[in-house]
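Here is the structure we will look at.
A short reminder: the numbers here are calculations on the coordinates, not readings from a lab. Just so you know, these numbers come straight off a predicted model, no measurement behind them. Heads up, the Cβs are rebuilt from the backbone with ideal geometry, glycines too, and the neighbour counts pull from every protein chain shown.
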Amino acid sequence: MSKVYICFDIYSMSTAYYIVMIDLHTHSLLSDGVLLPTELVQRANHAGYRAMAITDHVDRSNIDFAVPRLVKALDELKDHTPVKAIPGAEITHIPPALVGMLVEKARELGARIVIVHGETVAEPVIAGTNRAAIESGADILSHPGLISMEDAVLARERGVALEITARKGHSLSNGHVAKVAMAAGATMIINTDAHAPEDLISRERAVIILKSAGIPEENIETIFANSQNLVDKVGRD
Ligand SMILES: [Zn+2]
Ligand SMILES: [Zn+2]
């Protein structure tokens, strides 16, 4: 079931075999996660991750608190961990008219992956948030719930990735998200939305979640590649 990927390990300066997991949606105690950013990276390292984003919940009250601290902590760590840890933000429960301004603010403050907390069926997110997220130029629309075909087509056009999630509750609509995203040709990625170390998953588990959402085996490598492409893109900027 699990596949082994060949990578060049910059630490041992040799080719190593890893089961690689990339997870671009996690939370530290800078919002409602339970771990310091540094411990979250180390837990992810131990879980076999090679790239991740820490994307704490932000609104106007804490965006200038959380994002610069993530930037500072992850910048200091970068030569001391094999995990590429990217500072990000998740714009959460913001009225749709204000989403674009917060996405821009997050980027100004140094967030390299900007997520908008989509219209999950697990929480009363304001209708119109999915559309505002896509129009705002966020990188990822997380758990977009019962996303419409029109919004999925717009996500494809704007290059916004639609999230398949490992998180309980939010994952109820994974099947719908996958179906609409595939029909629209929109990019999908898989994330954990981890708030605690036990929420981190293996690549093998990610494959099971993707298949459970009705995604055919032949599409699964593309979904992992989409995460890698986003990591490469923000690394280059
Ligand atoms: Zn949360
Ligand atoms: Zn989240």
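For the reader, a short list of remarks on this structure follows.
- Estimated purely from DSSP H runs of n ≥ 4, each contributing -39500 (n - 2.57), the mean residue ellipticity at 222 nm for the chain is -12500 deg cm²/dmol once divided by its residues.
- Label-to-label distance, nm, for residues given as residue 168 and residue 32 (7 Å Cα→Cβ offset): 1.4 nm
- Whole-number Å³ per residue for the convex hull built on Cα positions in the range 37-164: 109 Å³
- Each 10 Å bin from zero holds the following percent of Cα-Cα pairs in the range 17-68: 25, 50, 20, 5, 0.
- The GluC sites (Glu not before Pro) found in the range 81-141 include none that occupy coil by DSSP while having at most 14 further C-beta atoms within 10 Å.
- Using the Cβ-Cβ distance between residue 46 and residue 229 with R0 set to 30 Å, the FRET efficiency from 1/(1 + (r/R0)^6) comes to roughly 0.75.
- Full extension of the chain segment joining residue 64 with residue 217 gains 50.9 nm, where the gain is 0.36 nm per residue of separation less the Cα-Cα distance.
- Counted over the chain with a bin width of 5 Å, the fraction of Cα pairs per bin, in whole percents, is 1, 7, 15, 20, 21, 17, 11, 5, 2, 0.
- Shape index of the range 151-215: Rg/Rh, with Rg the Cα radius of gyration and Rh the Kirkwood radius from the inverse mean 1/r over Cα pairs, equals 0.99.
- Cα-centre dipole for the chain with unit charges at Cβ (Lys and Arg positive, Asp and Glu negative), debye to 20: 260 debye
- Using a Förster distance of 35 Å, the FRET efficiency for residue 205-residue 146 (Cβ separation, nearest 0.05): 0.90
- Simple rule: put +1 on each Lys or Arg Cβ and -1 on each Asp or Glu Cβ in the chain, find the dipole, and look at 37, 47, 192; the Cα lying farthest toward the positive end is 47.
- Between residue 196 and residue 72, the C-beta separation translates, for a Förster distance of 22 Å, into a calculated FRET efficiency of about 0.45.
- Exceeding the 25 Å Cα-Cα cut-off - candidates 72/168; 84/105; 78/211; 78/233: 72/168; 78/211
- The chain - share of DSSP beta bridges that are antiparallel (%, nearest 5): 20 percent
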